[in-house]
Structures are given as C-alpha cells and as structure tokens.
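For reference, the structure discussed in these notes is given below.
The values are calculated or read from the model by the stated rules, or taken from the named source; none is laboratory data. This is a predicted model, so every value here is computed, not measured. Don't worry about glycine lacking a Cβ; one is built from the backbone with ideal geometry, like all the others, and counts go over all protein chains shown. Heavy atoms of the whole protein, side chains included, go into the accessibility calculation; ligands, DNA and RNA do not. Shrake-Rupley method; radii C 1.70, N 1.55, O 1.52, S 1.80 Å.
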Amino acid sequence: MSTHSVEKKTHIDINALSLLKRFFGYDAFRPRQLDIIRSICSGKDCVVLMPTGGGKSICYQIPALMQSGMAVVISPLIALMNDQVQALQANGIPAAALHSNQSDAQNANVIDAIRHGNIKLLYISPERLLIDMEHWPENTNISLFAIDEAHCISQWGHDFRPEYTQLHKIKERFPSVPVIALTATADKLTRTDIATQLRLKSPDIYISSFDRPNISLTVKQNPGKALKIQAICRLIERYPDDSGIVYCISRKATEEMALELSIKGHKVAVYHAGLSPAKRDEAQRAFIQGDVQVICATIAFGMGIDKSNIRYVVHNNLPRNIEGYYQEIGRAGRDGLPAEALMFYSIADVITLRSFADESGQQSINLEKLERMREFAEAAVCRRRILLSYFSEPCNSDCGNCDVCLQPPLRIDGTIITQKALSAIARTQEKIGISMLIDILRGSNKSDLISRGYDKIKTYAAGRDLSAVEWRAYISQMLQLGLIEIAYDQNNHLTITNQGRKVLSGQSNVTLAKFLFDNKPTPKQKKAPSTKANADASLVSRLKALRKDIAKIQGIAPYMVFSDKTLQEIAIHQPTDKSTFAEIYGVGEYKTERYWEHFTRLIRLWKQNNIQGL
Ligand code: ADP
Ligand code: ZN
C-alpha cells in the first residue's frame, strides 16, 4: 500500500511538473504548491493561505489540467475573472468566464463550449454559480471547485460578501468534488471561519510564509511637500519603463498628487470611488496597459489588480492599519523581482486618522489598530520583523532590506533640543499643538502667535538653528519616548509627562535619532534571490517596447505576454533561436510558438547593432 502510494505520488509530481513547464514555462514549484496539488489530486478539501503574489492560482490550475472534466473557479470580481481567463488563454489553456458583464450571446457560447467539454477552467461569480448549479445535469464532470478570495465568506474579514455565505451549497450538491479555498488574508478568526462556513471535510490547511522579501520597506518622516514630491519623482525615475501606485488619504489628495507629478513630467492617472465607473475603468486600463507610470489612488484601488510588474507602492500618509498596509504594499513585486514600499508618516496623520477611527463603528478596535500602525512607522528595529510578528509568524533575524536594517539611525545627545521644546510647552501652560510649538521655537511672526503673546516667552526663537521639518521629526521622537503626550480630547494640545519633567529639570538626559533626509536611492539595494546576472537595461527597455506592441495588437495587457522577470531572463540569456527561447523562465510551449520569432529577431538585431557600436 505504502509503496503504491509513493509511486502514485511520484507520477503525480512528474505530471504536474511537466504541465508547469509546458503551459507556464516554469521549472520548479514554489514552496507548498506541490503539496497542495497532491492534496487536491487525492480528492481532499484544502484551505490555502498565501500572501498576494505567492502563487495561489497555480495550485488549482495545474490540478485542473491534470484531471478530466472542468474546474470551477469562484471569484468575487469580474475584472479579475477576465484577467485570469485572458492570461490562461495566452498560455493556450481553454478557459472561460460566466458573469453578468458579458452579453447573453457570449454567455450562451460559453455554455455551449462547456457542454462540448471544451473548457478546462470556468470562472464564475458566486451568485451566478448558485443559480446555474441547479440546472447542471447530474453527470456534469467537475474536477474541483476553487474559491478565490475565500475570506469574503467571513463576517470577521474586512471584505465580507453576503453571496459567499451560500457557497456551502457546493458541498451539498457535489459532496465528492474537492473544494479548495484560497485567500491572502492572514488573521486566525477568518481562517477557521472559512472551513466551517464552507462545510469542508477535515480539510488540509496550508499556511505559507507571509514574508515578501523582495519588497524593501522604507518609512520616512514627512519632510514637507516639496521634498516628498522630489522623493516620489526619484522613485518614478528609477523605473522609467515600469509603474507604481501612490496611495493618498482622500479623493482630493489623489488629484493634488497627480497634478504635482504630472507637472514634473510623469504620466499619471487618478483613481478613487468618486469617479464615474467609466473613468475608473479607463484609469485602471491605462495603468494595466502601461500607458501611465503612476496611479494616484485611494485605497479603493487595487483589489483584483493582477499586474505583476508594479515596482513600487508609496503611501503618502500613514495607513489606518497594518493589514491594509501589508495588502497594499503586497501589490508590488508579484513577479518576485525587487520592489519598493515607501511610506511617509507624520503626527498630523495620526491626528486625522484618530478622528476617522473615533467616528467609525468600531472605535476601540480601530484605535488599537492605528496605534500598532504608528508603532510600526516609528520603529527603530527591523520593520519586517514587526510585520511578521504582527501576523504571528516567527522571525529571528533582521531582514537586511528595510530602512532600519540598511541605515541604522545615528544617535545624538538630544537633551538640549528636548529641553527647548519642553520649556516652550511649559511656558505656554500646555495650551499649544505641534505646529504652534514649532512656530514658537523657530521665532515665527504669525499673527496668531503674536496676538497670544508667545513672542514674549523666553524660548521664543530658541530653536532657529533647526528647520521646521527637523523639529517635527524630533517632537515625534519625544512623543515616542513618552516625554510628551498629545491630549486628543483637548484640541490636540501637548502635555509634558513626568518623565519629560525630569528632562526639563536636568535630572535625566535624552538620546535622539538624528534626522537625516536624503533623496538618494537607498544604498545596497538587496537584489531578489533569483536575479543571477545583470540584464542590459537598454535591451530590457527594447524588449518592453516589443511586449507593449504585441499586447496592443492582441488586445491583452503587456504582463500577459510576458512578465518583467521573463524579459529580464531573455535579456540575460539572449536567445537567438527557438529552442533556446523555449528554455527561458516563463516561456511555455504556446508562447514559444507565438512569440519566438519576434523576440529572437529583436535579440539578433540588438546584438548586431551592439557589435557595430563597439
Ligand atoms: P496570488 O494569486 O497568490 O496573488 P498568482 O497566482 O497571481 O499569485 O502568482 C503570482 C505570480 O507568480 C504570477 O506571475 C505567477 O505566474 C507566478 N508563479 C506562480 N507559481 C510560480 C512558480 N512555481 N514559478 C515561477 N513563477 C510562479
Ligand atoms: Zn529589516
């Protein structure tokens, strides 16, 4: 029995691997993928938790190809369905979708193809499935059900969808067909809820690491608008052929940011819930096609964006919670190549977000979550460790790819700086907020300050040697160190704590991290483990242009032709004939046939020109 099952497994493994190469052009499975495939092929239900970009789709797409019949994939987003179907078709896999955004004629065509057994993967919305399922003949050959974004079933999750709660009917109607539930949401309540609600039969549960080591993490104290825009522009310019997202706190802020960036000559689109559906679709299309470099968006943007070559995600302000932050930065670097997450943080953000949380239905939870977010932003230890521990994932070493690891803060004696600030707070009877404090320290002559007589106090202009931005950074540290507090219930005035009083009276000293703001690229950018050699940038750029032309002609997104990583590999190996082209990462049989001539011709031309140019 045991030898038999070992042999069977080996057979499954070989078969799975050859399909992976043939249809997707990949040489190896990622951690957990093969285990999941084995479970499904042996008829087990599974719950799969993997971060965005982890490679969930392959886990059910390969079993769908291995088995007879049709796999049914339930997905909450029509845009996502069409993307996936197109991407599968681009690999030569017969896939189709059934949903309300298609014409009746289109849907009838799909149903006809299903009847003839011509579809291997069917994408369908939950409400449509529940209606259609009733009409399927008893002998319908279904290999598996995959439930994407499975956290939508849980009321505990952040994206509850009532139609998902009916999905337990699948098990009632098809008790012997395996169901695989997939999500990138990590929290424990949601995990158990998924299995219970779907009535899964002692499912195999697979939890992958949530680490995304290729995304570098940087948090900067907001250096003021001009420097901030400059930093974002540097980031955009570092990836001239690629794209990124800038998340802003409000609709208005997205528009202002877009204006700033377009003044600087960048191609920008705006996305927020206040735009008409047509405008939103247009922005999304332009972004996916690579017609714009940057999308300035509220958090309404991103769910269902399957673009693998997003190189950076900027948070213009502190996000509301770590879950949201992690999901948003997770949209970068899904292809595994290096990507950057840059966040700007200020105390003013905390004040704004606190008021949002106060007004929300779940005040105490939201305030607590905001507090954890703030701690992350202000941390002086490896940021990835904080994130992973937040998701209950053990981690015992520093990551080497966050700003704290790469540029450990420089410590200075901050006693005098702190005493100046504390003294100004004390001399104004703790009746001022951060902006007024900075104005006093810098000796501003704003009318509000003068009329209140603050220009007469001893500390007025005592901090002229530091810029307002530096003061903001140091005051923020004084808050972190517990020397002062913000009285949120009293107009956000600053108050001095007992610990602060000791500093003021000279009984204890303060060490601060020196404020440094350079807009130079982060040094020692860690390369993703997979990049072996450096690809020639000019060749990559030409390959991208070719990819874009092909995508336009075929009416699909450029990343569906080839991922950035595949283009990098083409640039490194420079294949000039069909067989070497077929060996490249991400090039399956179907794409070899379709594209080898175009790409190898470009390589040959490029080589000739390069030699001539020598
Ligand atoms: P998820 O749904 O988990 O967010 P996807 O299934 O979209 O992630 O996969 C993310 C990217 O990783 C895709 O470009 C996919 O083709 C790629 N990928 C998945 N599995 C592998 C693998 N075994 N080897 C190489 N690339 C892979
Ligand atoms: Zn780190």
Requested in this report: Filter the range 410-427 down to residues that are open to solvent by less than 50 Å² (accessible area, probe 1.4 Å) and farther than 24 Å from residue 487 by Cα, then give me how many there are.
Outcome: 1
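Specify which of the listed residues (579, 541) is of a type in the set (Ser, Thr, Tyr) and in contact (Cβ under 8 Å) with a residue 40 or more places away in the chain.
Numbers: 579 fails: in contact (Cβ under 8 Å) with a residue 40 or more places away in the chain.
Within the list 579, 541, the selection yields 541.
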Query raised in the report: For the subset of the range 156-174 comprising residues that are touching a residue at least 24 places away in the same chain (Cβ under 8 Å) and part of a loop (DSSP other than H, G, I, E, B), which member is nearest to ligand 2 (Cβ to nearest atom)?
Result: 158
Query raised in the report: So, of the residues in the range 560-573 that are under 14 Å from residue 587 (Cα atoms) and open to solvent by 30 Å² or more (accessible area, probe 1.4 Å), which turns out to be farthest from ligand 2 (Cβ to nearest atom)?
Result: 573
**Report entry** Single residue of the range 42-60 satisfying the filter (open to solvent by less than 30 Å² (accessible area, probe 1.4 Å) and part of a helix (DSSP H, G or I)) that is farthest from ligand 1 (Cβ to nearest atom)
**Finding:** 60
Requested in this report: Using the structure shown, decide if residue 413 is more than 13 Å from ligand 2 (Cβ to nearest atom) and among the acidic types (Asp, Glu).
Outcome: yes
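Yes/no per residue for (1) over 21 Å from the mean Cα position of the chain (by Cα); (2) among the β-branched types (Val, Ile, Thr); (3) under 24 Å from residue 78 (Cα atoms):
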| position | (1), (2), (3) |
| --- | --- |
| 220 | no, no, no |
| 232 | no, yes, no |
| 242 | no, no, no |
| 249 | no, yes, no |
| 254 | no, yes, no |
| 262 | yes, no, no |
| 273 | no, no, yes |
| 283 | no, no, yes |
Report summary line: For the range 455-475, pairs from a residue that is closer than 15 Å to residue 512 by Cβ to a residue that is outside any loop (DSSP other than H, G, I, E, B) and open to solvent by 60 Å² or more (accessible area, probe 1.4 Å), with Cβ under 8 Å and 6 or more apart or across chains, are 469/227
**Report entry** Number of the condition not met by residue 226 [criteria: (1) under 30 Å from residue 180 (Cα atoms); (2) modelled with pLDDT of 90 or more; (3) surrounded by fewer than 19 Cβ atoms within 10 Å (Cβ to Cβ)]
**Finding:** (1)
Report task. Of the numbered conditions (1) within 16 Å of ligand 2 (Cβ to nearest atom); (2) over 26 Å from residue 306 (Cβ atoms), residue 224 fails exactly one; give the number of that condition. Result -> (1)
Report summary line: Just one listed residue, out of 259, 235, is in contact with a Gly (Cβ under 8 Å, 6 or more places away or on another chain) and either over 30 Å from residue 396 (Cβ atoms) or buried (at least 19 other Cβ atoms within 10 Å of the Cβ) (or both), and it is 235
Query raised in the report: Somewhere in the range 267-276, is a residue within 25 Å of residue 31 (Cα to Cα), assigned to a loop (DSSP other than H, G, I, E, B) and open to solvent by 20 Å² or more (accessible area, probe 1.4 Å)?
Result: no
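Would you confirm whether any residue within the range 444-453 is touching a Phe, Trp or Tyr at 6+ places or on another chain (Cβ under 8 Å) and either open to solvent by less than 40 Å² (accessible area, probe 1.4 Å) or acidic (Asp, Glu) (or both)?
Here is the first cut: in the range 444-453, the ones touching a Phe, Trp or Tyr at 6+ places or on another chain (Cβ under 8 Å) are none.
No, the range 444-453 contains no residue that is touching a Phe, Trp or Tyr at 6+ places or on another chain (Cβ under 8 Å) and either open to solvent by less than 40 Å² (accessible area, probe 1.4 Å) or acidic (Asp, Glu) (or both).
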**Report entry** Residue ID - nearest to residue 42 (Cα to Cα), chosen from residues in the range 127-148 that are modelled with pLDDT under 90 and open to solvent by less than 60 Å² (accessible area, probe 1.4 Å)
**Finding:** 140
Report task. Report, by residue number, each residue of the range 582-614 that is touching a residue at least 24 places away in the same chain (Cβ under 8 Å), within 15 Å of residue 26 (Cβ to Cβ) and open to solvent by 50 Å² or more (accessible area, probe 1.4 Å). Result -> 585, 589, 590
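Can you go through 210, 174, 160 and tell me which one is hydrophobic (A, V, I, L, M, F, W, C) and within 16 Å of ligand 1 (Cβ to nearest atom)? Walk me through it before giving the result.
Values: 174 fails: within 16 Å of ligand 1 (Cβ to nearest atom); 160 fails: within 16 Å of ligand 1 (Cβ to nearest atom).
Just a single option satisfies the conditions, and that option is 210.
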**Report entry** Selected residue (criterion: modelled with the lowest pLDDT) from residues of the range 181-217 that are open to solvent by 60 Å² or more (accessible area, probe 1.4 Å) and part of a strand (DSSP E or B)
**Finding:** 207
Query raised in the report: Would you pick out the residues in the range 562-583 that are closer than 25 Å to residue 338 by Cβ, more than 12 Å from ligand 1 (Cβ to nearest atom) and out of contact with any Phe, Trp or Tyr (no Cβ under 7 Å at 6 or more places or on another chain)?
Result: 567, 568, 571, 572, 573, 574, 583
Report summary line: Taking the range 409-451 and keeping only residues that are touching a residue at least 12 places away in the same chain (Cβ under 8 Å) and of a type in the set (Lys, Arg), one is left with 411, 420, 427, 431, 442
Query raised in the report: Regarding residue 389, is this residue surrounded by fewer than 13 Cβ atoms within 10 Å (Cβ to Cβ) and within 13 Å of ligand 2 (Cβ to nearest atom)?
Result: yes
